[in-house]
Amino acid sequence: MCGIVGAVAQRDVADILVEGLRRLEYRGYDSAGVAIINNDNELQRVRRLGKVQELADAVNNNPLSGGTGIAHTRWATHGVPSEENAHPHISSNNIAVVHNGIIENHQELKNLLIEQGYVFTSQTDTEVIAHLVDHLLKTEASLLAAVQKACKQFIGAYGTVIMDRRDPERLVVARSGSPLVIGYGLGENFLASDMMALLPVTRKFAFLEEGDVAEITRFEVNIFDKKGNAVERDATEAQVSHDAGDKGEYRHYMLKEIYEQPTAIRNTLENRIIDNQINTEAFAGDGVNADQILKDIDHVQIIACGTSYHSGMVARYWLEQYAGVSCNIEIASEFRYRKSFVPKNALLVTISQSGETADTLAALRLGKELGYASSLTICNVPGSSLVRESDMAFMTKAGAEIGVASTKAFTTQLVGLMMMTIAIGKNKGMTPELQQELVQSLMSLPAKIDEVLALAKDIEALAEDFADKHHSLFLGRGDQYPIAMEGALKLKEISYIHAEAYAAGELKHGPLALIDADMPVIVVAPNNDLIEKLKSNVEEVRARGGLMYVFADTDAKFASDDTMKVIQVPHCDEAIAPIVYTLPLQLLSYYVAIIKGTDVDQPRNLAKSVTVE
Ligand code: F6R
């Protein structure tokens, strides 16, 4: 999604802004732009369609001087990707604006502003912010006052930064629905939509809260809440490392992140298991007794989107099978717009890598109104909106995930969800033996994943078969069904091959009609209670001339032949099989994408953190 960087400094800030945008590239975008106020108090603006490098080249060819500036990567919502729709947008040659989110009532505001004589030069919703602030400045005493007044007229979501060339050492920022973080420097201050952008210049950050408006100068940051009261927002030192944004020896972030999974899982488990028991402090929240809440709940409602939704689907199997607690799982964008029933003593669990996904956040807010007993988020980004707004948070310790296709965030979510299952099950009759068994399975994961990663060469060879394919089918049963769904999502998002996932038992109810030699069928087959059922489904495909690629437990007795290529996956405990079988599917989609020559880390049309609904 769109990215924002801003700076007020004595030094020239063009390089800081462009580097900041580079560090936000992973979020997905189609154009980029920068505006800087120079020493003669003139606005200079450069915008380019395409990569940040295009913008960097343009800025190198025509260097921009000046210490106050804003920059943006745009992911089109209103108006096609183009230079004229790229941000910053300017009004009356005085005001420059960048914006993340959507101003839903932009048409209405636009009509009013046209009546006031404003001429619109883009098809974006953002341009109304620039003209409205300019218009209000005719009567308001300061940029801050004009922005505060303008915000009252906006319906929708925004993280926005505004500057006025007549007041050249000040930025005004406003947050409602789209995250913004302030970065504190010495004699200079910064802001961004994601702290990753600012790690080269500062490590001290404060997150704005919903409804905050702030003015930022070189020496001061003044924050006002939605009622206009001056407030303090805690500044904290970033834990994430400066080079988290580097690919290291890997060709792509995605590959690096796939290989980081043993470490990410180790970090997620560290200090959270004491004497084979889950330390419920891992689920802590301000002023809440996590231990008691997990004891009291009788039902779990999980809400998430995309890959995170798939981890929630696995958790449903686990919670009902191991903890004996009923569980529902729903896509956030559906949950938030339907009337739902809230069972007694129900815990609302959101799952999110970014912690900023607009639909998931809206679902959490709705859930609080509906009367869930408590809320817990399983999240990878400390300080994110979901973490701050939930009663409890379990932080996955995957580290920064840059590749748009989620990998290590997913497997660490599953680790967190299994820990939650054990922590809840403990009070619902889960035997100490089973608790110990599940904990030991979790502890064995990093080494097991290393074994699976050693299959990379075989999987790379398999990927060749997909080069000319346009469709594919993923099959799994039980808790492997969501893993099949996750495999299909990975393949479609980075290789652009159409991929569907089915619970293997559903095959004969329709999708069997699709089977032919041009439709590769990928099967995940751990050696569990369902293996014989799955083998029957495999025979159904074989009988229709389908070609299969089976990731099978070494003990499951699958053998390669003319119709089936088998990759033997090292045997693992049943409980952790969903995590283990995710890895080969991640590698398969990665290698297919390499053959297809797609942009693996920033697949077309996609964004890393989906902050608009
Ligand atoms: C796919 C992917 C997305 C996200 C989804 C939710 O690889 O990454 O499907 O899982 O956009 O994002 P988070 O987890 O940040 O809420």
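The values are calculated or read from the model by the stated rules, or taken from the named source; none is laboratory data. Bear in mind that the values here come from a model prediction, so they are computed numbers and not experimental data. Cβ: placed from backbone, ideal geometry, glycine included. Neighbour counts: every protein chain shown. Surface accessibility is based on the protein's heavy atoms, side chains included, excluding ligands, DNA and RNA. Shrake-Rupley method; radii C 1.70, N 1.55, O 1.52, S 1.80 Å.
Residues that are within 16 Å of the ligand (Cβ to nearest atom) and either within 22 Å of Val452 (Cα to Cα) or buried (at least 21 other Cβ atoms within 10 Å of the Cβ) (or both): does the stretch 273-294 have at least one? The answer is no; no qualifying residue exists. Restricting attention to the stretch 95-120, which residues are open to solvent by 20 Å² or more (accessible area, probe 1.4 Å) and either of a type in the set (S, T, N, Q) or in contact with an Asp or Glu (Cβ under 7 Å, 6 or more places away or on another chain) (or both)? Passing the criteria: Ile102, His106, Gln107, Asn111, Gln116, Phe120.
If I ask for residues that are more than 16 Å from Tyr481 (Cα to Cα), open to solvent by less than 30 Å² (accessible area, probe 1.4 Å) and touching a helix residue (DSSP H, G or I) at 6+ places or on another chain (Cβ under 7 Å), which ones from the stretch 518-540 would you list? Result: Pro520, single match. Looking only at residues of the stretch 485-513 that are open to solvent by less than 10 Å² (accessible area, probe 1.4 Å) and touching a residue at least 60 places away in the same chain (Cβ under 8 Å), we find that the one that is farthest from the ligand (Cβ to nearest atom) is Ile497. Tell me, yes or no, whether the stretch 499-512 has at least one residue that is part of a strand (DSSP E or B), under 22 Å from Asp601 (Cα atoms) and among the aliphatic types (A, V, I, L, M). Yes, because at least one residue in the stretch 499-512 is part of a strand (DSSP E or B), under 22 Å from Asp601 (Cα atoms) and among the aliphatic types (A, V, I, L, M). Scanning for something in a loop (DSSP other than H, G, I, E, B) and farther than 17 Å from Cys379 by Cβ, does the stretch 326-335 turn up at least one residue? No: zero hits.
Asp468 meets each of the listed conditions (1) in contact with a strand residue (DSSP E or B) (Cβ under 7 Å, 6 or more places away or on another chain); (2) among the acidic types (Asp, Glu); (3) at pLDDT below 95 apart from (1). Consider the stretch 336-361 and keep the residues that are open to solvent by less than 10 Å² (accessible area, probe 1.4 Å) and of a type in the set (Ser, Thr, Tyr). The one that is nearest to the ligand (Cβ to nearest atom) is Ser352.
One residue stands out among those in the stretch 603-613 that are open to solvent by less than 40 Å² (accessible area, probe 1.4 Å) and out of contact with any Lys or Arg (no Cβ under 8 Å at 6 or more places or on another chain): the one that is farthest from the ligand (Cβ to nearest atom), which is Val612.
The set of residues from the stretch 556-602 being within 16 Å of the ligand (Cβ to nearest atom), crowded, with 24+ Cβ neighbours inside 10 Å and hydroxyl-bearing (Ser, Thr, Tyr) comprises Thr582, Ser589, Tyr590.
Using the structure shown, decide if Leu366 is over 24 Å from Tyr481 (Cα atoms) and open to solvent by less than 10 Å² (accessible area, probe 1.4 Å). It is false that Leu366 is over 24 Å from Tyr481 (Cα atoms) and open to solvent by less than 10 Å² (accessible area, probe 1.4 Å). Across the stretch 323-335, the qualifying residues are those that are open to solvent by 40 Å² or more (accessible area, probe 1.4 Å) and in contact (Cβ under 8 Å) with a residue 24 or more places away in the chain, and the one among them that is farthest from the ligand (Cβ to nearest atom) is Gly324. Scanning the stretch 67-86 for residues that are buried (at least 21 other Cβ atoms within 10 Å of the Cβ) and touching a Phe, Trp or Tyr at 6+ places or on another chain (Cβ under 9 Å) turns up His72, Thr73, Arg74, Trp75. Among the numbered conditions (1) buried (at least 23 other Cβ atoms within 10 Å of the Cβ); (2) more than 16 Å from the ligand (Cβ to nearest atom); (3) modelled with pLDDT of 95 or more, the only one that Ala304 does not meet is (2).
Yes or no, residue by residue, for (1) open to solvent by 60 Å² or more (accessible area, probe 1.4 Å); (2) touching a residue at least 12 places away in the same chain (Cβ under 8 Å); (3) more than 27 Å from Ile303 (Cα to Cα); (4) within 16 Å of the ligand (Cβ to nearest atom):
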residue	(1), (2), (3), (4)
Leu414	no, yes, no, yes
Met419	no, yes, no, no
Gly425	no, yes, no, no
Glu433	yes, no, yes, no
Leu453	no, yes, yes, no
Lys457	yes, no, yes, no
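Right, Ser444: open to solvent by 10 Å² or more (accessible area, probe 1.4 Å), in contact (Cβ under 8 Å) with a residue 24 or more places away in the chain, within 16 Å of the ligand (Cβ to nearest atom) and among the small types (Gly, Ala, Ser) or not? When the stated conditions are applied, Ser444 does not pass them. Scanning the stretch 362-394 for residues that are within 12 Å of the ligand (Cβ to nearest atom), among the hydroxyl-bearing types (Ser, Thr, Tyr) and under 14 Å from Gln301 (Cα atoms) returns a single hit, Thr377. Just to be sure before I move on: is Ser472 among the polar types (S, T, N, Q) and either in contact with a Pro (Cβ under 9 Å, 6 or more places away or on another chain) or open to solvent by less than 10 Å² (accessible area, probe 1.4 Å) (or both) in the structure I sent? So Ser472 fits the description; yes.
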